[in-house]
Amino acid sequence: MTRRRTARLRRTLLAGTTAIAVTAVTAGIVAAAQEPAKAATGPKLSLVAATTSVTLTSWKEEPGVFLDLGTYLIAEGTPLELQVTRKSYKDPVTVTQTVYEAGKAKAKKLPLGTVKDFSGLPGFTEITFTDAAGKKVLTRSESFCPNNASGRVRPDAPSTSKYPESCPTNPFTLGSVWGVQKGWAANTYAASYTERAQLPAGTYTAKVGVAKKYRDLFGIADKAATVKVTVVERSDEDEESSTGAMSRSAKAGEHAGHRAGHQAPTAHTGHGSGHAPAPAEAAAPVTSGAGPSYNVGHGPLKAAPPALPWALKKKQQSALSQQARDTGGQTDGSRQAPARKPLSKRPTGEPSVPDVPKPDLRSLPAYGITISDGGTDIPGKDYLAFSANVWNAGPAQLVVDGFRSPGKAKMDAFQYFYDAKGKQVGYTPTGTMEWDPRPGHVHWHFTDFASYRLLKADKKEAVRSGKEAFCLANTDAIDYTVKNANWHPYNTDLATACGEENSISVREVLDVGSGDTYTQDLPGQSFDITTVPNGTYYIQVLANPEKRLKETNLDNNTALRKIVLGGKPGQRTVTVPAHDLVNAN
């Protein structure tokens, strides 16, 4: 399987919630004295093993096994809900748990340093392997994302989980929400955030427990789950010789999905292969109840960890009646907001920009920065490649429709506006859309959405990227704690956005709280630095450069990332200093 080199961690997945009212609960007056308030309580959490035995495969081409042992964290009583935020890139990541006092939600701050990023609770599970002779052969700890593949474990539990379906690992994430719904369980398998365990073929006993600091923090019983593990070795060659031509393609898909589901997160191929399902998506593990539900930019989706065997194969689209309080097109996370569909024809009447909520586009600093050459296509060239993200801080979606007159190569683009009830109340022309036939794109791009510039140390332009057209997709959850953030955006990959070559109209949406990452391995994601002198520069990512899109704020559209170029032609180097507390190139 071809691997893409990228420094991007994953979707990308999501977070956002309504404000929590902290209400003091007082009892009545007894003998002129006030009774103490009831103690705030959290969920009743327990670690369970869904099965008593598992078989893990070690491929000879890539030795080692991933410890997908079928252990889950169950939440009873109340949900496990954590809000994870940072005020800025100069501030550490903090965690607040939602607990309940007399049925009222209350915020409880967890100790500073509980987490360092947004990928999950570090060192949550402790795993020990012993061999058939009882000898301890492996000990390790792994992180836990509460948003991992999950399923309900009681028939009377809520039919859907309101929480996002993954934990974001974009290095510049600002806010996330993690949760396990009441009556649901989340897989504790660390998936792509862990390394293979080097275990020879054989039988083992695995004990999985929760680290003491988390047992104390969340009141989890000190009771480890035990699983019998059989490790088998296989190879591509063996498989091909034994399965024959008829089953080779199916096996290849399964194997690719297995590997894709366990690689370090990469960018999703929605932006890399038009609208066909990405290989990892097509080959998601057959036991998965959640499927690949997040993206990590424009490169391959990765399969979600397997869900509970008894979990729903597909989420029911309706929410519980008491949860369905949101207006169309917006959600506080309690249900999936309905997707906005492309209109069949261009608008009529006079354009107008009404006084209603509008999007707020912001740029993240560039990351995944690397030097590449022109390869066989343009030999002798040096390029500075990078990943870039523009996100929507809300409080309204960015909705752009494109309409093509028959026979025309470009579409006319319009931005649409909606009132608080989701009713369309206005529109305005906002440029064009153009078809991009290049491999890695193959879809309609909205022009003038963003621009990239390489600035000199004095912030004057040195090189401008030719890329200023984009297909909009919600690839990354940047801050799902902002107002109206949608925890379940619809168009998270290009199978749901950006149209076909013969489309007559296209709708592209950037939802509140989400951003769209274009990774450094895509065409146009680079600067030609062949003749650029060594020295200090800044990569500028600028949203809405021509100010054609209507926003709540036009003063926060740019982000800079400092770099230092060195080396000599054909062997250029780039050094990327930390951006405040974010040390990711």
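All of the numbers you see were taken from the coordinates with simple rules; none came from a lab. In this text the structure is predicted, and so the values were computed from the model without any measurement. Quick reminder, even Gly has a Cβ in these numbers, built from the backbone with ideal geometry, and neighbours come from all protein chains shown.
Observations
- A straight chain from Lys423 to Asp555 at 0.36 nm per residue would run longer than the Cα-Cα distance by 44.7 nm.
- FRET efficiency for the pair Asp528 and Thr41, taken as 1/(1 + (r/R0)^6) with r the Cβ-Cβ distance and R0 = 51 Å, rounds to 0.30.
- In plain terms, the chain from Glu461 to Thr536 could stretch by 25.7 nm, reckoned as 0.36 nm per residue minus the Cα-Cα distance.
- Qualifying trypsin sites (Lys or Arg not before Pro) for the stretch 377-417 [loop in DSSP, other Cβ within 10 Å: at most 13]: Lys408
- With 21 Å as the limit on Cα-Cα distance, the pairs of Lys381/Lys460; Lys109/Lys207; Lys162/Lys358; Lys459/Lys568; Lys423/Lys550 that go past it are Lys381/Lys460; Lys109/Lys207; Lys162/Lys358; Lys459/Lys568.
- Using R0 = 51 Å, the C-beta based FRET efficiency linking Asp373 and Ala102 works out to 0.20.
- Net length gained if the chain between Ala409 and Ser88 were fully extended (0.36 nm per residue, minus Cα distance): 111.3 nm
- The stretch 151-161 - phi-based ³J(HN,Hα) in whole Hz, Karplus 6.51/-1.76/1.60, Gly and Pro as x: x, 7, 10, 9, x, 9, 6, x, 5, 9, 9
- Normalised by 2.2 N^0.38 Å, where N counts its residues, the alpha-carbon radius of gyration of the stretch 73-144 equals 1.52.
- For the stretch 68-114, trypsin sites (Lys or Arg not before Pro) meeting the loop criterion (DSSP other than H, G, I, E, B) and having at most 11 other Cβ atoms within 10 Å: Lys87, Lys90.
- Highest average first, the peptides 568-575, 227-234, 42-49 ordered by how many other beta carbon atoms sit within 10 Å of their residues are 42-49, 227-234, 568-575.
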